[in-house]
Amino acid sequence: MNQEKIDRINALARKSKAEGLTEKEKQEQALLRQEFLAAVRRNLRGQLDQIDVVNPDGSIENLGEKYGTKKAN
């Protein structure tokens, strides 16, 4: 998601609080919010896939390989 779309989300939020939105603007806001949330989720999954946990027995386990989308080598 680029900065231009984030700025548009913020502009629509400000307008919604100040004077309200038209139906077309409400639809645009909903679509932009969905896109933003999808980007945040992708980013979070990517970060979580990189986490390694050291088990009590000393072995290292990658959470992305165990629970996420990352493939085991």
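The values are calculated or read from the model by the stated rules, or taken from the named source; none is laboratory data. Since this is a predicted model, take the numbers as computed values, not measurements. Neighbour counts run over all protein chains shown; Cβ positions are idealised from the backbone, glycine included.
Has region 64-72 got at least one residue that is loosely packed, with under 10 Cβ neighbours inside 10 Å, modelled with pLDDT under 95 and β-branched (Val, Ile, Thr)?
no
Please count how many residues of region 1-25 are farther than 21 Å from Val40 by Cα and of a type outside the set (A, V, I, L, M).
Qualifying residue count for the region: 10.
What are the pairs, 6+ residues apart or on separate chains, where a residue within region 29-54 that is in a helix (DSSP H, G or I) has its Cβ under 6 Å from a residue that is surrounded by 13 or more Cβ atoms within 10 Å (Cβ to Cβ) and among the β-branched types (Val, Ile, Thr)?
Note: pairs meeting the criteria are Leu32/Ile9.
Among the residues of region 7-28, which ones are part of a helix (DSSP H, G or I), among the hydrophobic types (A, V, I, L, M, F, W, C) and in contact with a helix residue (DSSP H, G or I) (Cβ under 7 Å, 6 or more places away or on another chain)?
Selection gives Ile9, Leu12.
Residues in region 1-28 that are touching a residue at least 12 places away in the same chain (Cβ under 8 Å) and hydrophobic (A, V, I, L, M, F, W, C): how many?
Number satisfying all stated conditions: 5.
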